[in-house]
1. Sort out which residues of the range 91-100 are within 12 Å of the ligand (Cβ to nearest atom), touching a residue at least 24 places away in the same chain (Cβ under 8 Å) and crowded, with 17+ Cβ neighbours inside 10 Å, and write them in order of number.
2. How about the range 149-183: which of its residues are within 11 Å of the ligand (Cβ to nearest atom) and closer than 22 Å to GLY215 by Cβ?
3. Return yes or no: is ARG141 surrounded by 14 or more Cβ atoms within 10 Å (Cβ to Cβ), closer than 20 Å to ASP190 by Cβ and among the basic types (Lys, Arg)?
4. Select from the range 285-340 the residues that are acidic (Asp, Glu) and either under 24 Å from the mean Cα position of the chain (by Cα) or assigned to a helix (DSSP H, G or I) (or both) and write down the one among them that is nearest to MET392 (Cα to Cα).
5. How many residues, within the range 361-383, are farther than 20 Å from ALA412 by Cα and outside any loop (DSSP other than H, G, I, E, B)?
6. Residue by residue through the range 287-308, note down the ones that are at pLDDT 80 or above and within 30 Å of LYS382 (Cβ to Cβ).
7. Which of the residues belonging to the range 184-234 are modelled with pLDDT under 90, on the phi > 0 side of the Ramachandran plot and either away from the ligand (no atom under 15 Å from the Cβ) or surrounded by 11 or more Cβ atoms within 10 Å (Cβ to Cβ) (or both)?
Amino acid sequence: MSTDIRKSSKKRKSEQADQDSETDQKSSSSRNSSSSTIPTEKPTPFPNASTTDKNSRTLPIIPENPYDHIRHCIVQNDGTHENLIRLIGLKSLFAKQLPKMPKDYIVRLVFDRRHKSLAVLSDDALHKGGDDEIIGGICYRPYEEMRFAEIAFCAVNGMHQVKGYGTKLMNLLKRHAVTEGIDYFITYADNYAIGYFKKQGFTKVITMPKSRYHGLIKDYDGANMMECYIHPSIDYTRIPEMVAAQRAFILQQIRTVSKSDKVVYPPLGNNWKPDDSATYASSSRGNEAAARAMAIPGILEAGWALQDLLASTKAAKDSDRKKNHLKSELLGIVRKTEDQQFTWPFREPVDTAEVKDYLEIIKDPIDLATIEKRIEKGDWYKSKQMLYTDLMRMVENCKMYNDQTSPYYECAVSLEKYLDSLFPELQ
Ligand code: ACO
């Protein structure tokens, strides 16, 4: 390989820029940006801890951004020795973590000059230049004109999974994507990785107009198309700080209209008992705790009513607990069902723009995404039986619309059998 890697001055320049990028992430000295590296310099809106304003008031301490300590880079097959070594490392990582993906396909995409990869790198000098230097990576193909990118592979080294690197990878890529003018990520997620992508803001509902990606990206069997919108003014590596700043702002606004931080009541003594107030005296036994709380000086003045407090009593909590239990049981059933290979035709609503006569034949359409939304909403399904009815309607709709020899019909038969095994008590 070394004979292929002839270093032109242009290549040397790009390698140098890449090295600069890594060094920059370790120190906060002056930076040299390069098209192949992620700009780590941000027009941060946060002053640093020691900053004081003109009136010598100390400004709030802003925590360091943990992303500043991660070494990362964008790698592309530009022929440079360093990038080729990293691409080999990425290829090995993807091949190991995505064993079902054909190896030649991984090699083709990772080394394809239209694809780029973001790699998070270990700081351990022992690993420098080796496969283990790469903690995780995402290989993607930007479609600049259509302002979206398709994520082809995403993986974290087995030793480092479930430590937050997957989230960091995605957040760094989102921050970088903004600099490339990308509005959306599209990916085909493995069934097992759907949960991870959901946590990174991906949804199965595709809002990007189809005309933007139609004909550009391939369809994969057994994978779910997911999308993530990237807001250009959000720095995804600073979400906690952004939320804290918003919270502080809201609290500040509340303080302008609320007296809660201005009127301070004396502490209740150890032997405090409620006055024989009308509220307390008229309370039934069940309402006693709430009525007792209402008698605490300041509660009434702060705008609380007995009903508010009753809502947090044991009975209300028990009913919430039951609802939550049912919700998670139903969600578990639907997600398990979604994971079955034969449920691919049922995962999203039938596209009635494409299947024009569908609604003439099927009067009550239903699909797994709709069912999941209903469960998430909370009050739709009051029992497992109700969920079973909807799932079976999906089977019946599919059998009614499709020919018995079609793969769709076969999937409906498999799903029906599967549902029988999931709900034995309802047979
Ligand atoms: N299913 C459900 N949730 C998950 C999964 C999963 N497979 N993996 C991680 N999560 C959750 C974590 O619990 C965590 O949740 P929390 O924020 O509530 O704590 C959150 O996602 C982020 O977890 P991280 O620790 O940041 O994720 P990690 O570093 O483990 O990376 C990844 C996730 C990339 C999926 C990794 O596990 C991996 O490499 N797996 C094998 C390869 C793979 O499946 N890649 C995706 C294939 S699809 C594609 O490439 C387009």
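1. Of everything in the range 91-100, those that are within 12 Å of the ligand (Cβ to nearest atom), touching a residue at least 24 places away in the same chain (Cβ under 8 Å) and crowded, with 17+ Cβ neighbours inside 10 Å turn out to be LEU93, PHE94, GLN97, LEU98.
2. Of everything in the range 149-183, those that are within 11 Å of the ligand (Cβ to nearest atom) and closer than 22 Å to GLY215 by Cβ turn out to be GLU150, ILE151, ALA152, PHE153.
3. Working: surrounded by 14 or more Cβ atoms within 10 Å (Cβ to Cβ): yes; closer than 20 Å to ASP190 by Cβ: yes; among the basic types (Lys, Arg): yes.
When the stated conditions are applied, ARG141 passes them.
4. The selected residue is GLU338.
5. Counting residues in the range 361-383 that are farther than 20 Å from ALA412 by Cα and outside any loop (DSSP other than H, G, I, E, B) gives 5.
6. ALA290, ALA305, LEU306, GLN307, ASP308, listed by residue number.
7. GLY215 - this is the single residue of the range 184-234 that is modelled with pLDDT under 90, on the phi > 0 side of the Ramachandran plot and either away from the ligand (no atom under 15 Å from the Cβ) or surrounded by 11 or more Cβ atoms within 10 Å (Cβ to Cβ) (or both).
The values are calculated or read from the model by the stated rules, or taken from the named source; none is laboratory data. These figures come from a predicted structure and were not determined experimentally. Quick reminder, even Gly has a Cβ in these numbers, built from the backbone with ideal geometry, and neighbours come from all protein chains shown.
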